[in-house]
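Every number in this text was worked out from the coordinates using simple rules, so none of it is lab data. None of the values given here were measured: they were computed from a predicted structure. Neighbour counts run over all protein chains shown; Cβ positions are idealised from the backbone, glycine included.
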Amino acid sequence: MKTLGILAAPYKPQAAELANRLVDLAQSRGVDVRLQEHCAREIGRADLSCDEDSLAQSEMLVTLSGDGGVLAAARAAAPYQTPILSIDLGRLGFLSAVRPHDMEAAFEAVLQGDYRIEERVMLDARVIRDQSEAAVHSALRTPHSALEEGSIGLNDAVVAKSALARILHLSIFVEGDLVASVRADGLVISTPTGSTAYALSAGGPIVHPDVPLFLLCPICPHSLTQRPLVVAQDQRIEILTEWQSEEVAPGELEAMLTVDGQIGVPLKSGDRVRVCRSEWKARLVRLPPDSFYNRLREKMRWG
């Protein structure tokens, strides 16, 4: 390994200390280190600071964060196919591979090649408004940098009402065919990875990350027959949003599209949200004997 990028979550108590230790460890092995500006400043290593694109193009990324940091890193790294080694500083850490006290051993294992890459399917979400694609803002870059081609996500794309909006009317299409017209608080479109996140709380099943599907999970639907639906991963999903203008008071936010809970786009009545499989995949570093079922038992207490 020649270059290592480190993504440290701000305000995590252990992040700065672990980043310092990892920098020393990597440099002692002749590995060049790249840091986010805030992290470099906090640990007094401004000489290692770089922009996020350069960070994402490192030979490997290490995240010192919870699952939210892994999601952000996955979106940044996927276009460059950069693998991600995640050190768990969160409450659940279901996506994370390594506990903080095992960081040094994990890094040595990576240097020795004693690891595997787990590829995870990502989704591509975009908003169609007035027959054209509305701007989708990326949380990875500056807040005003629009990704006209859409936004990729590892967990899910969610169409949901705001706190003050009324019930949403959502028409769900798969490959152009009308599946259902749903009255609900919203809809979660989830990858297999996201099946243990928002989709699970919306009543969806737990899905192994290798299973090629998307989950459609209505949020608090106003019908007992509207249950979660499984569709093929190569199918195009479109959600038509509709509500009457008199249902929403002036100035109120009607609804939002959120990707991975980190990228948000306000929606208008008549917008179409289009979701399909992304051309990019997240590449997560796994160390033996780690497995999906081990994490399911240990971290989610399943079974």
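Points worth noting:
- Partners for Lys281 among aspartates and glutamates (Cα-Cα distance below 15 Å; same-chain residues under 8 apart left out): Glu118, Glu119, Asp124, Asp156, Asp210, Asp234, Asp260
- Distance between the C-alpha centres of segment 185-235 and segment 84-129: 23 Å, rounded to the whole angstrom.
- Candidate lysines for bridging to Lys161, where Cα separation is under 17 Å - those fewer than 8 sequence places away on the same chain excluded: Lys268
- GNM result for the chain, Cα springs below 10 Å: residue of Leu123, Leu229, Leu215 fluctuating most strongly: Leu229
- Ranking of Ser151, Ser223, Ser49 by count of other Cβ atoms within 10 Å, fewest first: Ser223, Ser49, Ser151
- Full-stretch length increase - Glu104, Asp130 - with 0.36 nm per residue and alpha-carbon distance subtracted: 4.1 nm
- Values (1) 137; (2) 188; (3) 197 are given for comparison; volume of the Cα convex hull per residue in Å³, derived from the coordinates here, is the one labelled (1).
- Among Asp47, Asp156, Asp234, the order by Cβ neighbours within 10 angstrom, fewest to most, reads Asp47, Asp234, Asp156.
- Counted without the sites themselves, the longest stretch of the chain free of chymotrypsin sites (Phe, Trp or Tyr not before Pro) in a DSSP loop having at most 14 other beta carbon atoms within 10 Å is 12-301.
- Cross-link reach list, lysines versus Lys12, counting only Cα pairs under 24 Å and skipping chain neighbours closer than eight places: Lys299
- As a proxy for reagent exposure, Ser96, Ser54 were ordered by neighbouring Cβ count within 10 angstrom, fewest first; the result is Ser54, Ser96.
- Estimated [θ] at 222 nm from DSSP helical runs (n ≥ 4, -39500 (n - 2.57)) normalised by residues in the chain, nearest 500: -5000 deg cm²/dmol
- For Arg34, the residues 5 or more places off, or on other chains, whose built amide H falls under 5 Å of its own are Leu4, Gly5, Ile6.
- Amide H contacts of Ile219 (H built 1.01 Å from N, in plane; Pro and chain starts excluded): Asp185, Gly186, Leu187, Val188 sit under 5 Å, all sequence-distant by 5 or more or on other chains.
- Placing +1 on the Cβ of every Lys and Arg and -1 on the Cβ of every Asp and Glu, with nothing else charged, gives the chain a dipole about its Cα centre of roughly 640 debye.
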